[in-house]
Amino acid sequence: MIATRLFRKGWLLTVGLAGLLLTTVAATSQATTVRLQTTLGVVDIQLFDVAAPKAVANFLAYVNSGAYDNTFIHRSILGFIIQGGGYALGSAPNSTNPVPALPPVVNEFSTTRPNLRGTIAMAKLPGDPNSATSQWFINLASNSDLDGQNGGFTVFGRVLGSGMDIVDAIAALPTVNAGGAFSDLPLATPMTTTNFQRSNFVMLDKVSSDRANQGTSDSDRVFAYLEATFPQYLSPANPLSPAGMISRSASGIYYRYYPSSNAYVATSNGTLYYLGPLSGNQAISLGTLADGVGAVSQAGY
């Protein structure tokens, strides 16, 4: 069975072109990109998958579940930050619904990732460095004071290209004090009634990543089985987060990356591969995908 073969010394052999492609994938595609489609324009964000794996896995859990779709920027302080990820509009007038929170993520602040202009970081509760859940903010300036507060605020990505033009346009909007968490609420359009309308908010119509959600393909079934059988080698960044089990495609390779062990499993042209510390960071064949599917079917995957 594939499970018993996976790490047997001397059984695995380096392969040709597909192995080289997987090596290229490993070297170039670790950075996930997330797109915020706001009512003012598109903001693309490159995530620091390797440097902040827990924060990235946490963020992607919300992204890939659709939790950030139809939410809004609820806080904007000119020259400081814009903040989102916390609230969606409710069905009743002037009502909002909080984004359902996953378990808090462990703080991953590092002085090598300071809160510079254009970076995105996790928001959290005062006095609790490990309290970040769904809310995030984008730095409008180099906010070095945040690096020394509350254990430091974990930077887990940066805005790409002209995205800061959109972020700055949001920051330039007038704000109103709507009470509570909305004391600095940006208005996309002026209020014309006593009730807020959708058009008044800076909406995030859609938030998506360049990763594919875990599917039910044969490759995904085998990947899930290997994760469960060899968690010490193929452990998701955050076991509580579905983002820890995500597949991506590049250069004809369908694969998953595990930052905690810096390892990959992949399929290409009907063959299953591993690349990581146990193979000397070389792409090696684990056998055919068909053989793997036969094994995992018996295990109920």
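Restricting attention to the stretch 152-161, does a residue exist that is surrounded by fewer than 12 Cβ atoms within 10 Å (Cβ to Cβ) and assigned by TED's automatic domain parsing to the domain that holds Ser134? Scanning the stretch 152-161, I find at least one residue that is surrounded by fewer than 12 Cβ atoms within 10 Å (Cβ to Cβ) and assigned by TED's automatic domain parsing to the domain that holds Ser134, so the answer is yes.
Of all residues in the stretch 139-151, those that are touching a residue at least 60 places away in the same chain (Cβ under 8 Å) and surrounded by 19 or more Cβ atoms within 10 Å (Cβ to Cβ) total 2. Checking Gln83, Gln30 one by one, the residue that is touching a strand residue (DSSP E or B) at 6+ places or on another chain (Cβ under 9 Å) and at pLDDT 95 or above is Gln83 and no other.
Looking across the stretch 56-76 at every residue that is among the polar types (S, T, N, Q) and assigned to a strand (DSSP E or B), the one that is nearest to Tyr87 (Cα to Cα) is identified as Thr71.
Condition check ((1) farther than 17 Å from Ser209 by Cα; (2) touching a Cys at 6+ places or on another chain (Cβ under 8 Å); (3) free of Cβ contacts under 8 Å to residues at least 60 places away in the same chain) across all residues:
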site	(1), (2), (3)
Val34	no, no, no
Ala51	yes, no, no
Ala92	yes, no, yes
Arg113	yes, no, no
Ile120	no, no, no
Asp128	yes, no, yes
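Does Arg117 satisfy being modelled with pLDDT of 95 or more, in contact with a helix residue (DSSP H, G or I) (Cβ under 9 Å, 6 or more places away or on another chain), crowded, with 19+ Cβ neighbours inside 10 Å and among the charged types (D, E, K, R)? In short, no.
The values are calculated or read from the model by the stated rules, or taken from the named source; none is laboratory data. Everything numeric here is computed off the predicted structure, so don't read it as measured data. Here Cβ is always computed from backbone atoms with ideal geometry, including for glycine, and neighbour counts include all displayed protein chains.
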